[in-house]
1. Give the Debye-formula value of log10 I(q)/I(0) at each listed q (0.20, 0.26, 0.28, 0.29 Å⁻¹), with one equal scatterer per alpha carbon of the range 3-56, two decimals each.
2. How big is the equivalent ellipsoid of the range 30-155 along its three axes, where each semi-axis is √(5λ) from the Cα gyration tensor, reported in whole Å from largest to smallest?
3. So who's got an amide H within less than 5 Å of the one on Ala69, skipping anything under 5 residues away but keeping other chains? H placed 1.01 Å off N, in plane.
4. Can you list the HN-Hα couplings for the range 64-80, worked out from phi with the Karplus curve (6.51, -1.76, 1.60; θ = phi - 60°), rounded to whole Hz and with x for Gly and Pro?
5. Return the whole-Å distance between the Cα centroid of the range 221-280 and the Cα centroid of the range 84-121.
6. Counting only protein heavy atoms and using a 1.4 Å probe, what share of the accessible area of the chain belongs to carbon plus sulfur, as a whole percent?
7. From the P(r) of the range 22-87, could you give the percentage of C-alpha pairs in the tail past 14 Å?
8. With N residues in the chain, what two-decimal value do you get for its Cα radius of gyration over 2.2 N^0.38 Å?
Amino acid sequence: MTATGGAEPTPPTRDHARDLLREMLRIRRFEEKAAELYSLGKIRGFLHLYIGEEAVAVGAMRALTVDDAVVATYREHGQALARGIPASSLMAEMYGKANGCSRGRGGSMHVFDVSRRFYGGYAIVAGGLPIAVGLALADKLLGRPRVTACVFGDGAVAEGEFHESLNLAALWTLPVLFLCENNLYAMGTALVRHQAETDLCRKAESYRIPAEAVDGMDVLAVETAARRAAELVRAGNGPCFLEARTYRFRAHSMADPELYRAKDEVEQWKARDPIATFEARLRAWSLLADADLAALEATVAAEIEAAVATAEAGPWEPVEDLLRDVHTEPAPR
Ligand SMILES: Cc1ncc(C[n+]2csc(CCOP(=O)(O)OP(=O)(O)O)c2C)c(N)n1
Ligand SMILES: [Mg+2]
């Protein structure tokens, strides 16, 4: 296993730098607005924010092509936006409106958009892994050189499905990019309290899967590592495992008093904020000035405002349709 990130990278082009920064800002501002709308009762049910982890989704999604697939978790707004699902379609989904990307049936935790090969949004921890393996198996059988990126948290490695999925993907040489967002906690349980082996790459390597850990607070490092892994997978070498070491700045969900982690630990990670550190780097490279940042923020703010307006104006599904796609008629006896 090699750990990457930290070393001074080559500066990106101006356009690329802005693209990465804009995407991270879109996610941050979208999530901040979602938190506000949740307290107003506009968004209901569970809400898991991605604030602090933006570099992982943005870096990883940039390594994929439109033909690749993405399978994520309930903390998936970041991947959804970076994958290209419009903020309006995502926000309407979170409102439960019929113009949402899952027609309002999924909500925050079950974002789905087949047109962008975004196959969830799963509330069950590790539930996405077997789905990703199945998608990759289909691609392999049909001879399609595609990658399925499967995003999951550190909590998922404690599940049987994680081991079954990695084993089959390696055994059958399937094109899966396993992307573990290791934010050190599974709800209130620290990684050291649920894993005998806390080096997650070693788990993947035990299934003969090449594994790499990357600084998940560094968008350029994530992008580089994800591109490298995606190309290996696309070339037909079987799965790869990428562990992005990251941290969520907010509580697990909106209903979490956060009694399990020290405030100074949170502050230390906040000092490594992926957006602030990237902005500082871009300034040092003379790729970002105050006016550029203000313009980016204004564009993002307008997009979020329009997304909320679309969600507000969206229709509710008619009550008579509520059983559609839920129950089938019992077979005649
Ligand atoms: C099979 C299963 N067990 C338990 C839960 C309850 N649960 C919801 S989120 C979560 C923590 C998962 O943590 P992690 O995989 O690290 O993802 P993170 O929330 O940190 O992004 C748990 C245990 C669940 N949803 N599914
Ligand atoms: Mg976690």
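1. -0.80, -1.04, -1.10, -1.13
2. Values: eigenvalues 125, 42, 36 Å².
Taking √(5λ) for each Cα gyration eigenvalue gives 25, 14, 13 Å.
3. Here the answer is Val147, Thr148, Ala149, since their amide H atoms fall under 5 Å of that of Ala69.
4. 9, 9, 5, 7, 6, 10, 10, 10, 10, 10, 6, 9, 10, 4, x, 5, 4
5. 23 Å
6. The computed percentage sits at 57.
7. On the way: 1208 of 2145 pairs.
Tail of the P(r) past 14 Å holds 56 percent of the pairs.
8. Values: Rg = 19.7 Å, N = 333, 2.2 N^0.38 = 20.0 Å.
Compared with the compact-globule rule of thumb, the chain sits at 0.98.
The values are calculated or read from the model by the stated rules, or taken from the named source; none is laboratory data. Since we're looking at a predicted model, the values are computed, not measured. So basically every Cβ, Gly included, is an ideal-geometry build from the backbone, and we count neighbours across all protein chains shown. With ligands, DNA and RNA removed, areas are computed over all heavy atoms of the protein, side chains included. Shrake-Rupley method; radii C 1.70, N 1.55, O 1.52, S 1.80 Å.
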